[in-house]
Structure formats: C-alpha cells, structure tokens
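Everything on this sheet refers to the single structure shown next.
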Amino acid sequence: MKISTRGRYGLTVVVTLGAKYGEGPIPLRQIAEEQSLSEAYLEQLIPPLRNHGIVKSVRGAYGGYQLAKPPTEVTSGEVIRILEGPIQLVEGLGDTDIPQHELWQRITEAVRDVIDTTTIADLVKSSEASKVDSYMFYI
C-alpha cells in the first residue's frame with residue numbers, strides 16, 4: 001500500500017491542528033501557508049474529516065478548523081482510513097491460497113498496529129522534537 005498525497009496532506013492538516021489544539025479555530029489558508037500546501041487541495045480533504053468527527057469547522061470572521069476531540073484521542077490510522085480507505089498491503093489477502101498469505105497478513109497487521117497506536121499527539125511531539133533537533137544543528 002502506498003499512502004497517497006491525499007493521506008499525507010490530510011494527516012499534515014490534522015497534525016497541524018493538533019499542535020494548535022486549544023488555541024481556537026485555524027483558517028485553512030494559514031495551514032496551507034505554514035505547510036506550503038495548496039489551499040484548494042486541502043479544502044477537498046476537510047469534508048470527510050469533518051463528516052467522521054475528526055475536525056470541526058467554525059464560521060465567521062475568526063473561523064476556521066480545529067480538532068473535534070483532543071489529539072490524544074485521534075490516531076493516524078483513523079485519518080489514513082478516512083482519506084485512503086482500508087489498510088491492505090496486498091490485494092486478495094482474504095484468499096488463503098496465496099503462497100505468502102501468512103507473511104502478507106503479518107506485515108499488514110504490523111502496519112495497522114503502528115498507525116492505530118500512533119496518536120496525533122505523538123506526531124505533534126515528534127514534529128516538535130525534530131524542529132528542536134534541526135534548530136540545534138544550525139546553532
């Protein structure tokens with residue numbers, strides 16, 4: 001399975017909102033600028049995330065988007081499944097006649113385990129740590 005731009009950018013939006021959790025709604029334009037992404041493309045990713053209760057929108061002059069629940073309660077697996085569909089590394093995995101069936105099943109389960117136990121809070125923390133590390137490198 002290859003995670004598409006849709007999944008990567010969607011996860012980026014959710015992690016950005018997770019980093020700003022509790023600060024109020026963030027305009028999509030701001031996220032697009034901060035992450036150097038197309039605002040028009042991000043606008044296509046918001047509806048499924050909103051429909052599944054990951055983000056909520058706030059209208060008005062100071063409106064934008066925010067996480068609908070704390071970043072500790074949202075997993076990367078949820079976001080990826082919403083935007084990409086089921087996690088399946090090999091097509092036809094239900095067919096036990098595939099010679100390497102057990103191998104593919106174990107790999108798929110390992111990937112699912114990683115994304116289902118990695119919260120948005122974990123990704124925010126990791127992102128902040130890498131920013132500090134890169135800052136220290138340039139000093």
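Taking residues in the stretch 49-65 that are assigned to a loop (DSSP other than H, G, I, E, B), and partners anywhere that are hydroxyl-bearing (Ser, Thr, Tyr) and surrounded by 13 or more Cβ atoms within 10 Å (Cβ to Cβ), the pairs with Cβ atoms closer than 8 Å and at least 6 places apart or on different chains are 63/57.
Sort out which residues of the stretch 19-59 are among the polar types (S, T, N, Q) and farther than 23 Å from residue 125 by Cβ, and write them in order of number.
Going through the stretch 19-59, the residues among the polar types (S, T, N, Q) turn out to be 30, 35-36, 38, 44, 51, 57.
Selection gives 38, 44, 51, 57.
Residues that are in a strand (DSSP E or B) and among the polar types (S, T, N, Q) were ranked within the stretch 66-92; the one that is nearest to residue 18 (Cα to Cα) is 66.
Can you confirm whether the stretch 66-84 contains a residue that is over 14 Å from residue 14 (Cα atoms), open to solvent by 50 Å² or more (accessible area, probe 1.4 Å) and without any contact (Cβ under 8 Å) to a residue 12 or more places away in the chain? No: zero hits.
Only one of the listed residues (7, 77, 64, 18) is small (Gly, Ala, Ser) and on the phi > 0 side of the Ramachandran plot. That residue is 64. Residues in the stretch 1-26 that are more than 12 Å from the chain's Cα centre (by Cα) and basic (Lys, Arg): 2 in all. Restricting the stretch 1-41 to residues that are closer than 21 Å to residue 89 by Cβ and assigned to a loop (DSSP other than H, G, I, E, B) leaves a set whose member that is modelled with the lowest pLDDT is 1. If you scan the stretch 35-62, which residues turn out to be acidic (Asp, Glu) and open to solvent by 90 Å² or more (accessible area, probe 1.4 Å)? Of everything in the stretch 35-62, just one residue is acidic (Asp, Glu) and open to solvent by 90 Å² or more (accessible area, probe 1.4 Å), namely 43. The set of residues in the stretch 86-120 being exposed (fewer than 12 other Cβ atoms within 10 Å of the Cβ) and either at pLDDT below 80 or on the phi > 0 side of the Ramachandran plot (or both) consists of 91, 92, 94, 95, 96, 97, 99.
The values are calculated or read from the model by the stated rules, or taken from the named source; none is laboratory data. It should be emphasised that the depicted structure is a prediction, and the values quoted were computed from it without experimental measurement. Every residue, glycine among them, receives a Cβ derived from its backbone with ideal geometry; neighbour counts consider all protein chains shown. What goes into the accessible areas is simple: the full protein's heavy atoms, side chains included, and nothing from ligands, DNA or RNA. Shrake-Rupley method; radii C 1.70, N 1.55, O 1.52, S 1.80 Å.
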